[in-house]
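Visitor: Just passing along the structure, written as structure tokens.
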Amino acid sequence: MVVWCPDWSVVAALAEAEQSPRLPAAVLSANVVEVCNGPARAEGVRRGQRRRDAQSRCPELVLLPSGHDRDARAFEPVLALVEDLRPGVAALRPGLLAVRAPGRWYGSEAAAAATTSQALVEAGVWDVRIGIADDLFTAEQAARTAEVQGWEIVVTGGSATFLRGLPVHVLADDGARGRDLADLLRRLGLHTLGDLADLPGDAVEQRLGGYGTAVRRRARGEDRTLFAARTPPPELDVEVPFDPPLDSVEAITFSVRTTAERFVAGLAHHQLVATAVRIEAESDGVVCSSRTWLHPRHFAARDLVDRVHWQLQSAGSTSGAGSSLRARKGVGDVRSPVDRVRFVPDTVEPAAAHGEALWGTASDDLVERGVARVQGMLGFEDVRRPVLQGGRTPAARQALVPWGERPVDLRPLERPWPGRVPGPAPVRVFPDPPAAEVVDDAGHDVAVSDRGVVSGEPRRFRVGDGLLPWQPVTAWSGPWPVDEDWWSGGSGPSSRFQVVGADGRAWLLCRAPGGWSLEAGYD
């Protein structure tokens, strides 16, 4: 049994944009219509049209972006609903699924199709069509010939007869190869699948290749392609209810310890570990606090308990252990007693990928446990570690992330970053670069033109506030000009120089429109 939901990309895109499904709409890819719905086709819009041609046929056409991930996410509830009626569903593509026909369970194949159609319509999927046949290809074609909210059943052994009269353009639904083959068959004078089925197999293989031979077998009703039914994922979520609700952070933290252990044990039973976990707290049946936590390795029960404590504590003031959640007026929404805490694994990985080394990881565990104790005293956000990211300046290449969190949304290192000073990297980077002066032989300030030309050779430099007195420049290199953030009123064009003073120490100086500054040192 094949369940087909036509124009699914348009349905999913309109739902995401909160637009009416009755509007004429089309999904575009590279300014070409990829999918269009019934109201758009009624106005003359067709798949493969250029954007300008489609809008000329239907000026009120709603244009939507292509998104395969979005379509798959929107189709997931349909898969789950059919899976409740008959396990072993296979998602062929968003909008099309296959399942072993459950006719024996529901009494007949027609009753099974009617039950499936009714369940999907009640769930809000209005345009659903079902086909049942001996093989996958025939069942799909039967679904495409069915009426809205209807079904087409091909009798046992009747696939070849049913397919004979279908035009060859039905192969266009098989992607680019199908469209090319359908066009070639029409030019060869073959207009139906029956015409292709009547050709000798050797001639088809010599002229049309392996794909043409496979299509001929389908047209003859001899296709026995199997589909891989998906295995429903195990239920890994774990929650703990509180009756009566708890209004103390410490009480909640103490009460979730057993649940955290059960959560980790449940993952271990499936030979999994969690590297990202979403923790939700409910108050009066409404999620009042939700956050996804990341771990550099994988979560243990102790880590989950700490995250619950930090999450609920950061939702209000940190006025001490056991303080009431009602009295808190912090940045979060946890201001009333909590009646449920839930652990949801966002990212799970095989436990074998996180196995211990030959000599164990005792030293790492001790370090993490010690840092976790410091975090418990100071707060989760107050203990951080530096990580490297992409950027042009030494300060821009630094990022700080809380200990225990994996860095996300970092600028990639592999980009070229034109204007970046080459290595080695400086040892010391000043968070607030102090003002500096650099002069040439005549004592004039050294400047850099818009074309990166230096007005004079740097001879002496000093750093204000007595940090570095005047000293000669024994060696220098540069400039490395950069003009960034000019579109947002940033600092404007700047140039960086590496200079070595008489004492042998090297420095990184920056010449900006506001003057010289000391950015970093190569101590």
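Visitor: Return yes when residue 54 is in contact with a strand residue (DSSP E or B) (Cβ under 7 Å, 6 or more places away or on another chain) and closer than 27 Å to residue 30 by Cα and no when it is not.
Guide: It is true that residue 54 is in contact with a strand residue (DSSP E or B) (Cβ under 7 Å, 6 or more places away or on another chain) and closer than 27 Å to residue 30 by Cα.
Visitor: Also, quick follow-up: Please go through region 392-418 and pick out each residue that is on the phi < 0 side of the Ramachandran plot, more than 23 Å from the chain's Cα centre (by Cα) and not in a strand (DSSP E or B).
Guide: Once the filter is applied, which keeps residues that are on the phi < 0 side of the Ramachandran plot, more than 23 Å from the chain's Cα centre (by Cα) and not in a strand (DSSP E or B), region 392-418 yields 392, 393, 394, 395, 396, 397, 403, 416, 418.
Visitor: Okay, moving on. Being crowded, with 17+ Cβ neighbours inside 10 Å and more than 15 Å from residue 149 (Cα to Cα) is the filter here; which residues of region 86-102 pass it?
Guide: Step one: list which residues in region 86-102 are crowded, with 17+ Cβ neighbours inside 10 Å, which gives 86, 89-91, 94-99, 101-102.
Result: 86, 89, 90, 91, 94, 97, 98, 99, 101, 102.
Visitor: List the helices (runs of 4 or more DSSP H) inside region 235-348, counting only whole elements, that have at least 1 residues being of a type in the set (D, E, K, R) and modelled with pLDDT of 90 or more. Write out each step before concluding.
Guide: Numbers: elements: 249-255, 257-269, 301-314.
Counting at least 1 such residues, we get 257-269.
Visitor: If the requirement is being free of Cβ contacts under 8 Å to residues at least 40 places away in the same chain and surrounded by fewer than 19 Cβ atoms within 10 Å (Cβ to Cβ), which of these qualifies: 50, 144? Walk me through it before giving the result.
Guide: On the way: 144 fails: free of Cβ contacts under 8 Å to residues at least 40 places away in the same chain.
None of the other options fit; the residue is 50.
Visitor: Give me the pairs, please: first residue somewhere in region 451-476 and within 14 Å of residue 516 (Cβ to Cβ), second residue anywhere and part of a loop (DSSP other than H, G, I, E, B) and hydroxyl-bearing (Ser, Thr, Tyr), beta-carbon distance under 9 Å, and either six or more positions apart or on two chains.
Guide: 455/449
Visitor: Restricting the search to region 190-230, which residues are in contact with a Ser or Thr (Cβ under 9 Å, 6 or more places away or on another chain) and either touching a residue at least 60 places away in the same chain (Cβ under 8 Å) or assigned to a loop (DSSP other than H, G, I, E, B) (or both)?
Guide: Correct list: 218, 220, 221, 222, 223.
Visitor: Something else about it: In region 204-219, which residue that is surrounded by fewer than 19 Cβ atoms within 10 Å (Cβ to Cβ) and charged (D, E, K, R) is modelled with the highest pLDDT?
Guide: Only one residue tops the list, namely 217.
The values are calculated or read from the model by the stated rules, or taken from the named source; none is laboratory data. Bear in mind that the values here come from a model prediction, so they are computed numbers and not experimental data. Ideal geometry is used to build each Cβ from the backbone, glycine not excepted, and the neighbour counts take in all protein chains shown.
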